[in-house]
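Some notes on the structure that comes next.
The values are calculated or read from the model by the stated rules, or taken from the named source; none is laboratory data. A quick note: this is a predicted structure, and the numbers were derived from the prediction, not measured. Quick reminder, even Gly has a Cβ in these numbers, built from the backbone with ideal geometry, and neighbours come from all protein chains shown. Side chains are part of the model used for accessible areas, which takes the heavy atoms of the whole protein and leaves out ligands, DNA and RNA. Shrake-Rupley method; radii C 1.70, N 1.55, O 1.52, S 1.80 Å.
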Amino acid sequence: MLNIVSTEVSYFTFTAMRFHLPKLTVFIIIIFVFSFTAVAQNVSVRFSVSTDNRVPVGFATIQLTSATDSTVIHQKVSDSIGSAIFNVAEGQYTVNITAVNFTPVTKDVAIKSGSTFFAVQMQTINKTLGAVVVTASRPLLRQEDDKTIVDPESLAATSTNAYEIMEKVPGLFVDSDGNIYLSSTTPATVYINGREQRMSAADMATLLKNLPPNAIASIEIMRTPSARYDASASGGIVNVVLRKGVRIGLTGSVTVGGNQGRYGNQFVGLNLNNNNGGLTTYLSLQVGRRNTYDELTTVRAFSIDSFLNQEAYTKFASTNYYAGYGFSYGINKKWEVSYDGRLGYNLQNNNSSNLSTITKKGTQGTLFQNLTNVNNRGHNYNLTQGVNLKYKIDSAGSEWTTDLSYTHSPNFVDQFFGTGDGEIDNRLRFFSVQTNFLKKLKHQITFETGGKTTGVVFNNSTDYFTTTNGNRVKNIARSAAYKYNENIHSAYVQVSKNFSGIILKMGTRLENTNMNGRQLQPNDTSFSLHRTDFFPYIYLSRSLMKIAGYDLRAYLVYRRTISRPAYENLNPSQRFVDPFLFETGNPNLRPQFTQNYEANVSVDERPIFALGINDTKDIFSQVIYPSDTSNKISLRTYDNLGKNKETYFRILGALPPGKKYFFVAGAQYNHNNYQGVYEGNKSLAFKRGSWSLFTYHQLKLTPITQISMNGFVRFKGQQQFYELGTFGQMNMSFNQQFLNRKLNVTLSCNDIFFTNNNTFIFNQGSINANGQRYSDTRRFGINLRYNFGIKKKEDNNPFNAEGLERGN
């Protein structure tokens with residue numbers, strides 16, 4: 001759900017903008033505004049932070065203070081490879097660099113015109129490691145080029161798995177089916193460690209629920225990803241970056257926790273990280289049990305004079321086991337190889353009860369009533385292996401990387417119902433091979449190119465049986481078998497250039513798509529798709545002005561993207577849901593194309609305002625059609641409905657962290673305009689605007705005691721064609737540290753007022769329905785985490801900070 005946002009900007013920005021000009025005209029006007037904005041001449045300077053043996057120090061805090069005006073302060077956090085780029089005025093500066101478990105570095109430097117580079121070598125603190133404590137202010141959210149980076153540390157303290165963290169991430173909306181939205185039109189594509197997973201929403205949700213909450217190092221949100229990323233990202237990309245070995249000797253943590261709603265969840269986990277010279281290894285283990293429920297009540301017009309009332313209650317129970325493991329090895333100063341693997345195993349036992357009642361309009365009489373009980377018992381596992389090879393070409397940041405990954409994810413379910421049973425066997429295999437080349441050239445030019453090949457193999461076998469007088473007979477009409485294969489070959493080229501503080505990045509991506517599917521049972525049908533498309537990308541960034549020493553910077557981004565139907569969208573086999581609803585895929589679905597535009601403004605990498613447009617053609621969405629002329633039985637499927645234009649903007653304001661109390665508040669507005677055809681020949685016109693408000697507060701009672709509160713509310717929400725009522729959520733937590741900050745104890749309460757439930761209306765074509773949905777969202781929990789460290793073996797040479805060295 002849309003939730004927390006944090007920033008270090010010491011003022012409010014609450015402005016609303018609405019454009020009635022064509023989008024191209026809007027962007028031309030903004031570009032001219034950029035061009036005629038008067039700014040001081042800035043210099044681009046890059047810092048590279050590493051240890052004395054050239055191992056990058058990621059997420060170090062780098063602060064530049066002007067020697068002539070101490071109020072002029074620039075601060076950034078280095079990325080995962082220890083790099084950070086500043087655009088500052090010429091002059092003398094004092095540089096202060098800090099990182100967890102490293103000796104701080106302070107030195108005076110002179111920044112002059114031209115591209116400037118400083119290499120920083122830091123020394124680890126020579127003592128037994130205690131609790132890992134970050135003393136620098138780390139915002140929950142910061143802007144880095146065309147992506148937003150979220151630090152999930154405070155969110156992990158009140159969560160039992162990674163899925164719960166995603167529900168609290170600022171700017172994300174997680175629906176009840178496991179889809180993650182950056183907007184309200186198309187779900188975002190989920191990556192893990194920069195690798196696409198190619199899973200259904202339900203399978204992806206299961207994978208995230210198996211990840212420990214403290215396994216996530218950061219979350220990258222890319223609403224308009226560059227040409228380096230796959231074009232299949234109409235809804236944006238959410239990249240979950242998992243923690244790997246930290247380079248500070250042997251460290252680790254033990255975590256145990258749980259929460260209680262109507263049902264309870266529990267978990268226990270262990271994390272170990274070790275660095276021995278050039279070899280870094282890590283291991284993460286967790287065992288958890290989850291219990292929750294979903295309650296759905298719907299009423300729809302069944303015929304001219306009757307209603308169908310349905311009350312569905314499902315209890316979800318599962319036990320999961322997770323192991324994450326890997327290593328990173330620096331072969332020499334140029335070559336580095338890394339391997340990471342994940343194995344998740346899940347046992348589930350779900351029970352659902354669906355009561356269907358047909359009543360006559362204007363009376364209390366019951367015309368028909370049916371109770372359907374279904375039990376699903378199953379198990380699935382997800383095995384992912386990845387190898388990455390990196391070659392560092394030079395100290396300026398040029399590199400060549402090659403990545404190979406393979407995922408095997410089978411899912412087996414035994415289904416039991418009143419008149420029989422079913423056996424469902426889904427097997428997914430996915431492989432990916434990609435290579436990327438990045439070269440830093442003269443005159444502040446960066447050149448990138450690369451290629452990628454992916455393959456998906458999916459096999460489904462569903463057998464249903466009916467039992468009559470003790471005899472178990474296969475139900476041919478409901479049984480099905482389906483095969484699906486997909487191959488996508490792609491290549492891209494991208495160039496960026498810094499023009500005296502204006503950064504321009506342009507590129508394009510070519511993708512060749514090949515899809516083949518065949519239904520073997522009950523009917524032998526097949527489909528295929530072969531096409532090649534180009535996807536251009538443009539990025540423009542410029543520093544506008546200084547406000548109280550903060551750098552105000554603006555960004556413009558454009559990209560063309562595609563959304564391809566997945567195997568569950570295409571499978572033509574009909575599946576039984578209840579006596580009045582079937583679901584099926586549509587093998588005639590066409591891919592949808594989107595033109596993505598966004599303009600945003602940030603202050604020292606803290607986003608404060610954004611305006612965007614997503615213009616989508618051939619949009620496909622889940623729809624409900626009548627399956628017969630009486631309209632009594634409905635068919636849930638997918639169809640291309642026409643086009644949609646979504647306009648959105650976000651605004652943020654905050655009191656900066658660092659003191660005893662800080663807070664942040666923000667708002668986001670989405671407006672959708674659908675135009676198309678429904679049920680083949682009925683005109684579709686649908687307009688709806690939705691507001692979302694969110695806030696975050698933190699009060700530090702003492703250095704080791706703090707209280708946090710966060711919440712959101714969404715007015716006139718929307719999920720595709722479902723119109724949602726107003727809903728929201730308020731969460732609170734209390735954190736206390738013990739034993740010299742090694743032990744962290746967090747008490748939490750999620751959805752205190754039990755307001756995160758949805759009422760909905762679906763009124764399209766001949767389907768007129770409304771209802772409400774409840775889940776086990778109000779929960780009280782406790783998490784305990786103990787951090788430990790073991791002294792790293794000392795080197796022959798004593799630690800001596802070498803400070804800053806000028807690079808070439």
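With all protein chains kept in place, the per residue accessible area of segment 77-116 amounts to 43 square angstrom at a probe of 1.4 angstrom.
Nonpolar atom fraction for segment 301-447, defined as the carbon and sulfur part of the 1.4 Å probe accessible area, stands at 60 percent.
Could you work out what % of the accessible surface of segment 638-728 is carbon and sulfur, using a 1.4 angstrom probe and leaving DNA, RNA and ligands out of the count?
Values: 2200 of 3760 Å².
Answer for segment 638-728: carbon and sulfur cover 58 percent of the accessible area.
For segment 740-757, 3J(HN,Hα) computed residue by residue from phi via the Karplus equation (6.51, -1.76, 1.60; θ = phi - 60°) reads 6, 6, 7, 9, 10, 10, 10, 9, 9, 9, 9, 6, 3, 9, 6, 10, 8, 9 Hz, glycine and proline entered as x.
Please report the carbon-and-sulfur percent of the accessible area for segment 456-604; probe 1.4 Å, protein heavy atoms only, DNA, RNA and ligands left out. After summing per-atom areas, the C and S share lands at 56 percent.
With the other protein chains left in place, how much accessible area per residue, in square angstrom, belongs to segment 425-486 at a 1.4 angstrom probe?
Numbers: 3120 Å² over 62 residues.
The answer is 50 Å² per residue.
Over segment 654-796, the Kirkwood radius and the radius of gyration, each from Cα atoms, give a ratio Rg/Rh of 1.19.
Label positions at Phe447 and Thr435, each projected 7 Å from the Cα along the C-beta direction, are separated by 1.6 nm. Accessible surface for segment 222-333, divided over its residues, is 40 Å² per residue with a 1.4 Å probe. The Cα atoms of segment 456-532 give a gyration tensor whose axes a ≥ b ≥ c have a/c of 1.5 or more with a/b greater than b/c, which makes the shape prolate.
Enumerate the residues in segment 511-555 having an amide nitrogen under 11 Å from the point lying 7 Å beyond the Cα of Ile476 toward its Cβ. The answer is 522-523. Compared with the direct C-alpha span, the chain from His489 to Leu285 gains 69.9 nm at full extension, assuming 0.36 nm per residue.
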